[in-house]
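Here is the structure we will look at.
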Amino acid sequence: MTEPRDLRPIPPAQAELALPALRALRLDSPHTATPDALRAFLNTTGPEGYALVGAFEPGREEAAAVARYCVMHLLHAGRTLYVDDLSTLLGARGRGHARALLHWLKGRARELDCAALHLDSGVGETRFTAHRLHHRAGMNVTAHHFSLPLGRGTA
């Protein structure tokens, strides 16, 4: 069922509007511990090109779902809109918010003259619903993402 919603950018000054939805995915991140921590993170990553967009339900101040994205250039894909986080509040899942955000992101990628849209998604049984959404949106699994914690730098 399609629910009414408003899709709009969320600037760092309004980080508190994105925090509950981001915490649904990134509960253990120090950057989602408080609105001020998220605001500081967004102010740091903004100059790198990262931005937030939210899906808002009528009568609700906080976003029901959010996506964090940036444009990057990849040798194999060219100019790419990369989605780092796509998260929906538990109580707002199944209402089409993430699907609407993916549609908005596809349009944004075209506006920014991107050749592709890429999204990383965690693995495991808790992510199967998200993976089905990604496939229904026309996305394919094209790579495995590997990481190696170095125990240095800032988290």
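The values are calculated or read from the model by the stated rules, or taken from the named source; none is laboratory data. Please read all numbers here as calculations on a predicted model, not as lab measurements. We place every Cβ from the backbone using ideal geometry, glycine too, and count neighbours over all the protein chains shown.
The table for this structure:
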{"read-out": "Condition check for ALA100: at pLDDT below 80, part of a helix (DSSP H, G or I) and closer than 19 Å to VAL53 by Cα", "value": "no"}
{"read-out": "Condition check for GLU48: farther than 23 Å from GLY138 by Cβ and at pLDDT 95 or above", "value": "no"}
{"read-out": "Candidates LEU42, LEU52, filtered to the one that is within 12 Å of the chain's Cα centre (by Cα), buried (at least 21 other Cβ atoms within 10 Å of the Cβ) and not aromatic (Phe, Trp, Tyr)", "value": "LEU52"}
{"read-out": "Complete set of residues in the stretch 52-84 that are part of a loop (DSSP other than H, G, I, E, B) and among the acidic types (Asp, Glu)", "value": "GLU57, GLU61, GLU62"}
{"read-out": "Per-region count, the stretch 16-39, residues surrounded by fewer than 17 Cβ atoms within 10 Å (Cβ to Cβ) and of a type in the set (Ser, Thr, Tyr)", "value": "2"}
{"read-out": "Residue in the stretch 37-49 that is over 21 Å from ASP120 (Cβ atoms), of a type in the set (A, V, I, L, M) and part of a loop (DSSP other than H, G, I, E, B) present", "value": "no"}
{"read-out": "Filtered residue count, the stretch 1-15, keeping only those that are over 18 Å from ALA100 (Cα atoms) and either of a type in the set (A, V, I, L, M, F, W, C) or buried (at least 16 other Cβ atoms within 10 Å of the Cβ) (or both)", "value": "4"}
{"read-out": "Residue within the stretch 87-97 that is touching a Gly at 6+ places or on another chain (Cβ under 7 Å), part of a strand (DSSP E or B) and β-branched (Val, Ile, Thr) present", "value": "no"}
{"read-out": "Members of the stretch 13-30 that are in a helix (DSSP H, G or I), touching a residue at least 24 places away in the same chain (Cβ under 8 Å) and more than 11 Å from LEU89 (Cα to Cα)", "value": "ALA13, ALA15, GLU16, LEU17, PRO30"}
{"read-out": "Top-ranked residue of the stretch 57-81 - restricted to ones that are of a type in the set (D, E, K, R) and free of Cβ contacts under 8 Å to residues at least 40 places away in the same chain, ranked as nearest to ARG108 (Cα to Cα)", "value": "ARG79"}
{"read-out": "Subset of the stretch 55-71 [over 9 Å from the mean Cα position of the chain (by Cα) and surrounded by 14 or more Cβ atoms within 10 Å (Cβ to Cβ)]", "value": "ALA55, PHE56, GLU57, GLU62, ALA63, ALA64, CYS70, VAL71"}
